[in-house]
Amino acid sequence: MKFISVFLISIFLSGCSTTKVYLYKRYLSDDDVLLITQKLEEMDYEVENNTLAFPDEIQNSTILYSPFIEGKGSLDHFISVIAKLGWSDADVQPLFKGNHWYSKNSIGLFLIPEGVEQSDKVLSQDLVNQYTSDKCDHSAKLRLNRDNTYQISYKNDPNNKTEHKMGKWELTGYPYIQLTSSNGDWTFYLEIHNNIITDLIGRVELLELKPLSSHHVYPSCNFVYGVRM
């Protein structure tokens, strides 16, 4: 499961007296993140934000809490605070995973705004990752950022041109991404492919970006990002 390497490893080995909230902000606006974070911190919660992918099992807004959270009253209080912020329909689930994978005073907060169906297709937020090149002559990386900027970097730069290496990206219409260089001179189109493969260790969900045409300044590569399931 995706959250084993995210939620479990990052929080289960920690212990603190203040309840720590891991806010998964992938589908939230910056204003929502700021409001939720400030409100929780005012209520003496420690908040850590991330843009990690949601586990497949979570299809609705969910409060995932440690069985060792201090006192039922503190959980009820947290649920009340989240409800007052407009998330009264969030599912509440205890986190059970093995006999030792528990953390004291930890809560995972997964929020999905109304109208967002996170599993029916790849959303813009899901594309925010660092991709590595595949099936090309030059090793390269493509970074799609949350603010809709991109950067391309090479291990060994095949040419001296730099104008295409950064700019803006947008999801023009699923499954196509448009990259536009900072100076506006270059436009590249990529097609999104979402697949599941199996290797020697297990299953991996692959997000692959394939160029629709070749450009002499743009690496003729597929770019891939994988999450082990």
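For first residues located in the range 203-215 and hydroxyl-bearing (Ser, Thr, Tyr), partners that are assigned to a loop (DSSP other than H, G, I, E, B) and lie 6+ apart or on another chain with Cβ distances below 9 Å form the pairs Ser214/Ser220.
Counting residues that are closer than 14 Å to Ser124 by Cα and at pLDDT below 75, which strands (runs of 3 or more DSSP E) fully inside the range 138-216 reach at least 3?
Details: elements: 140-144, 149-154, 166-173, 176-181, 187-198, 203-211.
Output list is empty.
Of the numbered criteria (1) more than 30 Å from Asn195 (Cβ to Cβ); (2) modelled with pLDDT of 80 or more, the one Pro113 fails is (1). Can you tell me which residue in the range 116-137 is modelled with the highest pLDDT, limited to those that are outside any loop (DSSP other than H, G, I, E, B) and not polar (S, T, N, Q)? Ranking the candidates gives Tyr131 first.
Val92 meets each of the listed conditions (1) modelled with pLDDT under 75; (2) touching a Ser or Thr at 6+ places or on another chain (Cβ under 9 Å) apart from (1).
Considering Ile107, Ile82, the condition of being over 30 Å from Tyr225 (Cβ atoms), touching a Leu at 6+ places or on another chain (Cβ under 8 Å) and at pLDDT 85 or above is satisfied by Ile82 alone.
The values are calculated or read from the model by the stated rules, or taken from the named source; none is laboratory data. Note that this is a predicted model, so its numbers are computed, not measured. FYI the Cβ positions are ideal-geometry reconstructions off the backbone, even for glycines, and counts take in every protein chain you see.
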